[in-house]
Amino acid sequence: MESYLEERFGGVQAKNSSEEALRRWRRLCSVVKNPKRRFRFTANLEKRGEAEAIKHANHEKLRVAVLVSKAALQFIQGLSLRSEYVVPEEVKAAGFQICADELGSIVEGHDSKKLIIHGGVDGIAEKLSTSKTDGLSTDEDSIKRRQDIYGVNKFTESEVRSFWVFVWEALQDTTLIILAVCAFVSLVVGIAMEGWPKGAHDGLGIVASILLVVFVTAASDYRQSLQFKDLDKEKKKIQVQVTRNGFRQRLSIYDLLPGDVVHLAIGDQVPADGLFISGFSLLINESSLTGESEPVAVNADNPFLLSGTKVQDGSCKMLVTTVGMRTQWGKLMATLSEGGDDETPLQVKLNGVATIIGQIGLFFAVITFIVLSQGLFSKKYHEGLLLSWSGDEALELLEHFAIAVTIVVVAVPEGLPLAVTLSLAFAMKKMMNDKALVRHLAACETMGSATTICSDKTGTLTTNHMAVVKACICGNIKEVNGPQNASKLCSELPEIVVKTLLESIFNNTGGEVVFNQDGKYQILGTPTETALLEFALALGGDFKSKRDETKIVKVEPFNSTKKRMSVILELPGGGRRAHCKGASEIVLAACDKFIDDTGSVHPLDKTTADKLNGIIDSFAGEALRTLCLAYREMEEGFSILDHIPSQGYTCIGVVGIKDPVRPGVRESVATCQAAGIMVRMVTGDNINTAKAIARECGILTEEGIAIEGPEFREKSLDELLKLVPKIQVMARSSPLDKHTLVKHLRTTFNDVVAVTGDGTNDAPALHEADIGLAMGIAGTEVAKESADIIILDDNFSTIVTVAKWGRSVYINIQKFVQFQLTVNVVALLVNFSSACFTGMPPGLLALLIC
């Protein structure tokens, strides 16, 4: 049986199955009583085809729009343009100067001509009655008027189907329809022959059985649909950084309105159509909307941002112009939502089991009908009365036919594939309570088979609550945990060093210090950025005044490949300065000078370099994350179009950031190991930091190997075959290293691999893994989009809970299958043998209840 199912129904994978494989198993399901119910929770391949057609049309539309826009710009430069646009009266009455359709045509059509006519981004902001710096006013009347004119940022969703829709679908069962016809004929003939109520007993018994089956089926399916609706809402909860009333705040994307100022960073999803206000090195991936994988550079010359696209690199401020179903993404989402999830391998195999048993049941039903009816036909044949039938004889033949049909009803386990969905849906609901949001049903099933977990360190094994506790500035190591220690350090350092250090931290950052409505400062950004900014504030720095002293002219954001972030500043007295921060050994290797304890700059000789590397190793040995800060003066001939230099820096200092291990992680790792699941740490941190944390968590053992990404990359295939099973820690890894490790574990060693990820560059590894686990707090929208399960609290212990639920799903399904098949097979054999060997057909009601 197993080999037969694998051969015919085994083409469907846990994820990324081909369309041909999905179509093939559907064609093999020959005995299907109720297609609407049997295939309710399988992918709608026709709707997916429609979505792909929309993507292709979008691609062509955008390509033509860009070409037309470029051609138009060549003609309109230097010409005086007049606007023929007339503002609708209801828009004027609401206090705005541009309507939703006009805004939509500008952004969606990449219409530079219209944008210039309306005064560019400044003009659009003015017509939307908003401020590019302070954002919207939040008074209720203003918000209500804006919603009435421009709509809300919500997409059309399929309506919740009522209970009676499920009753109607349950009635579509072919065998139940045949039985209903039999019941009707039985009632008519019975009442005609024996009168009311004696002649109606059999017919009413069949009707009661049909209604019982229909209502039980409908109630089960209705409850299940409500569960899926709740889970679907959780999947769509996305928040973004927005400025309103001059204050930065987090807001649901569904609350956005035209005129909002949204802050986007690498990995974010663009929440609505809009225009670029300001930003650096912004690259947008439009593949989700157009299918085109090549990223698009968005800047002041090409300011159009489309809803649903992803920020691949850089950061920006965006002015929202169009929301909801007026965007192409809204129209695409309405179609995609009807496409459904891929069916799971277990669902497909149980469909195969149901098909095989159905074919056997059909065979026995035919044999039963022949055996029951052969006596009657033989008698009629010998009497020469084949064409003459009495009412009793017709009723007897009808009862034989109903028995045969009922055997098909009992024999075909139509609910078997749905049992998987029910069990998975129950597990999804329970996992949600345990802080794990399942995005794809198959992940529940696959997680039960996991043999390896490749986990990040920061935020998953550790708390992600970071603070600078040690610093080496001007060659001296100081404890800096606490405001008093920080102010003491500040008093001991030369003024020029403190000034340069604060300039580096406050300008070379992806974070920000803002004031909330209560007048208290709030630090926005990643935990690492937050720790650095808190350190700078403790030194007595003022974020706003330090930022106002210089002008940022170029930014190269941090990413997992370069492992550093760089900016170029325009100084108040003229000239430019570059600041760089990142992985300590990488930034230190880019330095050829250092600052001594008097504030003087000296060449970085081998002795000093070795001393600094020793300090980095000692920090890492204490399980501290280390960052090196450096700067360099730029030559006059440097153009901002060039890349920021990677060498020639002066080392300012090294900081050690404490990120404690989460409580309970060691016990969770031990639980995994006892259950046969190997836990590996894959991190971008220093190898000594990684090893210290891994030992604390119980991941790194005496037999295990810790390796750095660059060394891993250099290994030959033969070396990797020996090395990969022993790797327990991989440090300074790039996303490609993680992807390569996962691929080898899956293909060469046949492991079922679960991988955690939070960054945009983790998407390939999450996609490659059997189960992709994205972090709900630290994870970017790109990582979440590529994941199968989102860990809402970023905790490793939650991953272990998910594995437990995965295994329980298998046990539950196994028990249900045993029960279902026992009932089906026994009912089939008992009814067949009763009919064939005793000649006494069992009652229809008893048979249906079986």
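In the set Val755, Val782, only one residue is assigned to a strand (DSSP E or B) and closer than 22 Å to Asn559 by Cβ; that residue is Val755.
Ile693 falls short on exactly one of the conditions (1) in contact with a helix residue (DSSP H, G or I) (Cβ under 7 Å, 6 or more places away or on another chain); (2) closer than 16 Å to Val661 by Cα, and that condition is (1). Candidates in segment 719-734 are the residues that are part of a helix (DSSP H, G or I) and open to solvent by less than 20 Å² (accessible area, probe 1.4 Å); of these, the one that is farthest from Val682 (Cα to Cα) is Leu720.
Just one of (1) touching a strand residue (DSSP E or B) at 6+ places or on another chain (Cβ under 6 Å); (2) farther than 26 Å from Gly684 by Cα fails for His440. It is (1).
The sole residue among Phe515, Phe535 that is in contact (Cβ under 8 Å) with a residue 12 or more places away in the chain, crowded, with 21+ Cβ neighbours inside 10 Å and of a type in the set (Phe, Trp, Tyr) is Phe535. Is there a residue in segment 224-233 that is in contact with a Ser or Thr (Cβ under 7 Å, 6 or more places away or on another chain), modelled with pLDDT under 80 and closer than 30 Å to Gly135 by Cβ? No: segment 224-233 contains no residue that is in contact with a Ser or Thr (Cβ under 7 Å, 6 or more places away or on another chain), modelled with pLDDT under 80 and closer than 30 Å to Gly135 by Cβ.
Taking the conditions exactly as written (at pLDDT 75 or above and under 46 Å from the mean Cα position of the chain (by Cα)), does Ala219 satisfy them or not? Spelling it out, Ala219 is indeed at pLDDT 75 or above and under 46 Å from the mean Cα position of the chain (by Cα). When you scan segment 548-557, do you find a residue that is touching a residue at least 24 places away in the same chain (Cβ under 8 Å), surrounded by 22 or more Cβ atoms within 10 Å (Cβ to Cβ) and of a type outside the set (Asp, Glu), even just one? So far as segment 548-557 goes, no, none of its residues is touching a residue at least 24 places away in the same chain (Cβ under 8 Å), surrounded by 22 or more Cβ atoms within 10 Å (Cβ to Cβ) and of a type outside the set (Asp, Glu).
How about segment 579-603: which of its residues are surrounded by fewer than 16 Cβ atoms within 10 Å (Cβ to Cβ), out of contact with any helix residue (DSSP H, G or I) (no Cβ under 8 Å at 6 or more places or on another chain) and assigned to a loop (DSSP other than H, G, I, E, B)? Those that are surrounded by fewer than 16 Cβ atoms within 10 Å (Cβ to Cβ), out of contact with any helix residue (DSSP H, G or I) (no Cβ under 8 Å at 6 or more places or on another chain) and assigned to a loop (DSSP other than H, G, I, E, B): Asp596, Asp597, Thr598, Ser600. Taking segment 291-323 as the range and being in a loop (DSSP other than H, G, I, E, B), open to solvent by 10 Å² or more (accessible area, probe 1.4 Å) and closer than 25 Å to Val567 by Cα as the test, the residues that pass are Pro295, Asn299, Ala300, Asp301, Asn302.
Scanning segment 189-202 for residues that are open to solvent by less than 80 Å² (accessible area, probe 1.4 Å) and modelled with pLDDT of 75 or more yields Ile191, Pro197, Ala200.
Here the strands (runs of 3 or more DSSP E) wholly within segment 611-718 that include at least 3 residues being surrounded by 19 or more Cβ atoms within 10 Å (Cβ to Cβ) and within 29 Å of the chain's Cα centre (by Cα) are 678-682. Checking each residue of segment 726-738 against the condition of being without any contact (Cβ under 8 Å) to a residue 40 or more places away in the chain and more than 29 Å from the chain's Cα centre (by Cα) gives at least one match. For Gly575, the criteria (1) on the phi < 0 side of the Ramachandran plot; (2) out of contact with any His (no Cβ under 9 Å at 6 or more places or on another chain) hold in every case but one, which is (1). Every test in (1) of a type outside the set (S, T, N, Q); (2) more than 27 Å from Thr243 (Cα to Cα); (3) part of a helix (DSSP H, G or I); (4) open to solvent by 20 Å² or more (accessible area, probe 1.4 Å) is passed by Arg161 save one, and that test is (3). Scanning segment 386-407 for residues that are open to solvent by 20 Å² or more (accessible area, probe 1.4 Å) and either part of a helix (DSSP H, G or I) or at pLDDT 75 or above (or both) yields a total of 10.
When residues in segment 104-154 are screened for being open to solvent by less than 10 Å² (accessible area, probe 1.4 Å), outside any loop (DSSP other than H, G, I, E, B), at pLDDT 90 or above and within 11 Å of Thr321 (Cα to Cα), 3 of them pass.
The values are calculated or read from the model by the stated rules, or taken from the named source; none is laboratory data. Treat the numbers as computed from the prediction; the structure is a model and nothing was measured. When we count neighbours, we look across all protein chains shown, and the Cβ atoms used for this are built from the backbone with ideal geometry, even at glycine. With ligands, DNA and RNA removed, areas are computed over all heavy atoms of the protein, side chains included. Shrake-Rupley method; radii C 1.70, N 1.55, O 1.52, S 1.80 Å.
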